[in-house]
Every structure is written in C-alpha cells, then in structure tokens.
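One structure is given here, and the rest of the page talks about it.
The values are calculated or read from the model by the stated rules, or taken from the named source; none is laboratory data. What you see is a predicted model, and the numbers here were worked out from it, not measured in a lab. A quick note on method: Cβ atoms are made from the backbone with ideal geometry, for glycine too, and the neighbour counts reach across all protein chains shown. All accessible areas refer to the heavy atoms of the entire protein, side chains included, with ligands and DNA or RNA removed. Shrake-Rupley method; radii C 1.70, N 1.55, O 1.52, S 1.80 Å.
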Amino acid sequence: MTAALVLGGIGLAAAVALSIARRALAGTRDANEDAVVIAIDALLPQSQCAQCGYPGCRPYAEAVATGERIDLCPPGGPRVVAALEELLGRKADAGLAEPADEVARIVEEDCIGCALCIDACPVDAIAGASKYLHAVIPERCTACELCIPACPVDCIDLVARSSERARPVTNPANASALPCIACGWCEKACPVDLDAHALHVAFETGASNDAIFDCIECTACTRACPSGIDLVGEFRVLKHRLHGERESNRRADAARQHAEARNGRLSREARKQAARRAERLGASRQWQ
C-alpha cells in the first residue's frame, strides 16, 4: 500500500514537472517566434499599403515568419528582399524593382472635402475635415496609394518627395584610378585620425560605417593616395547614402507609430459603438 502511494506520488510529480516543462517550452517558442516577427517587421518600410496582400506590415511579418514569400513588398524593393534573405536564410522567388521615393498630393482646386481619403490613410497623413479642403502631411505620407482609389473625384496623385534637404551626390570619377593597395598613406594623412581605408571598403561594399560623419572632407587622403582614388568623393557618396538610410528608418518608425495609434483609436471606437449598441438593445428589451 505504501509502495503504491509512493509510486503514485512520483507519477503525479513527474506529470506536474512534464506539464511545467511543456508550458516553459511553449513560452520559449512563443518568445522566439515573437522575436523573429519583430526582426522581420523592423526591416519592412512600414508603408502599411497592403500591396503584399496583408492589411499591414506587421501581419505580413507574421506571415513571413511562418513561411510566406519574402518578395511581396514593392515599397521595400530589393533592399528589403536582400535583408530578409540574410535574416531568414531563404531565397526570394522573384526580384522587385527599386521603389520611387514619392508622396501623395491633393489637387486643391478639385478637392470636394468628402473626407474619404482621410478614412483610407493608414498612418493619419491627411489633415482636414468634412466639407473642407484636405492636405497631405509629407512627413507622414508613405505613398501607400490607398487614398487614390478612395477619392471620388480623382484629385490625388503621387509626386517625387522633395530632395531640398539633401542635394544629389554623384559617384566620384574613379574610372582611371588604380585599385587600392592598402598602403595606409591615406590614414597617415587624415587630420582627424580616421581609418580611410575602412571607409573606402565601406563605400565599395555598401556597408555602413558611422565614422564617415567625422570626415571633414579636407581632401588630404585623396592627395596622398598613390592609386589616384578620389577618396573624398567616395566619402561624400557614403555620407549621402547613410543619411538617406537613417531618414528612411526614421520615417518608417514614425509610420509604424502612427499606424499603431490609428488602429488603437479605431479599435476603441469600435468597442464604444458595440457598447452603445448593446445598451440600446438592452433598453429596448426592457420596454417590450
């Protein structure tokens, strides 16, 4: 009898331990899956345009984490496809064209103030009210195009985003230059002690190197280079590229926050409407 009780107790303890282990394993699996989704979502452009077939970037990230194709994001273009390939170790089924940097614009004289575009915008980038002229906030606009079919008078189009803050930078004229021989002369010539060779490698490989922002563009490295490489010209291009990437990342983070705030607001409004409907239904039943 005692032995049976002991064995029963051991069996019960083992079952409890197994249950706890399963729950812990499930929690770890869920945490890992969430981390993958967050990592994928961070690479997406946050246009919330639904061109991928999903209602937003987060739902698409969740689908990609479970096996969906990684080449369904036109606003992300080849940059996002390449980043997802590296993150997930999967190859894309097809390529994407380089996206244009555009924003929506409302033709003022044609706008009738219907406010349908305001409801369609997933990031609250359109300001205005019913019967009044609307305007697009360029800083928020992700060029998702969802407002265009919503407009009944076809007064919304896409235009190139203003590039006034950063003048275009052309590639340096290195056609006649010899290959870098890693002689180190550029580093010795730099008055601010930058690793000019590492910056040259970053330029050629497309890598990031934040040290570039310490470059004062004095041209000492260019003049010291025995291969005739226009190092300062390369560094200007590298600065321009990194500035663009930072600006794109900043806009993506802002778009994500605006989309989450909008979804939260719509969810709260839906709950309030449901509560009012239930209240009216309850009141009508009392009078029956």
**Study point:** Restricting the range 142-159 to residues that are more than 19 Å from C114 (Cβ to Cβ) and in contact with a strand residue (DSSP E or B) (Cβ under 6 Å, 6 or more places away or on another chain), the residue that is least open to solvent (accessible area, probe 1.4 Å)
**Key:** A143
Exercise for review: Among residues belonging to the range 92-124 that are in contact with a strand residue (DSSP E or B) (Cβ under 6 Å, 6 or more places away or on another chain) and open to solvent by less than 70 Å² (accessible area, probe 1.4 Å), point out the one that is nearest to D71 (Cα to Cα).
Suggested key: E102
Point to revise | Residues being more than 26 Å from the chain's Cα centre (by Cα) and assigned to a helix (DSSP H, G or I) - total across the range 234-288 | key: 20
Review point. Within the set of pairs 6+ apart or on separate chains, which have a first residue in the range 53-69 that is modelled with pLDDT of 95 or more, a second that is part of a loop (DSSP other than H, G, I, E, B) and open to solvent by 50 Å² or more (accessible area, probe 1.4 Å), and C-beta atoms under 7 Å apart?
Key: Y60/Y54; A63/Y54; R69/D93
Exercise for review: Working carefully through the options R140, R79, R58, R90, find the one that is basic (K, R), assigned to a loop (DSSP other than H, G, I, E, B) and under 19 Å from the mean Cα position of the chain (by Cα).
Suggested key: R140
Exercise for review: For the range 160-172, enumerate the residues that are modelled with pLDDT of 65 or more, under 19 Å from C215 (Cβ atoms) and open to solvent by 70 Å² or more (accessible area, probe 1.4 Å).
Suggested key: T170, N171
Review point. How about the range 190-219: which of its residues are surrounded by 18 or more Cβ atoms within 10 Å (Cβ to Cβ) and of a type in the set (A, V, I, L, M)?
Key: L194, A196, L199, A202, I212
Revision key, fill the gap. Contact list, first residue from the range 182-208 and within 16 Å of D230 (Cα to Cα), second anywhere and open to solvent by less than 50 Å² (accessible area, probe 1.4 Å) and aromatic (F, W, Y), beta-carbon distance below 7 Å, six or more apart or interchain, is L199/F235
Revision key, fill the gap. Of those in the range 125-141 that are hydrophobic (A, V, I, L, M, F, W, C) and touching a Lys or Arg at 6+ places or on another chain (Cβ under 8 Å), the residue least open to solvent (accessible area, probe 1.4 Å) is A125
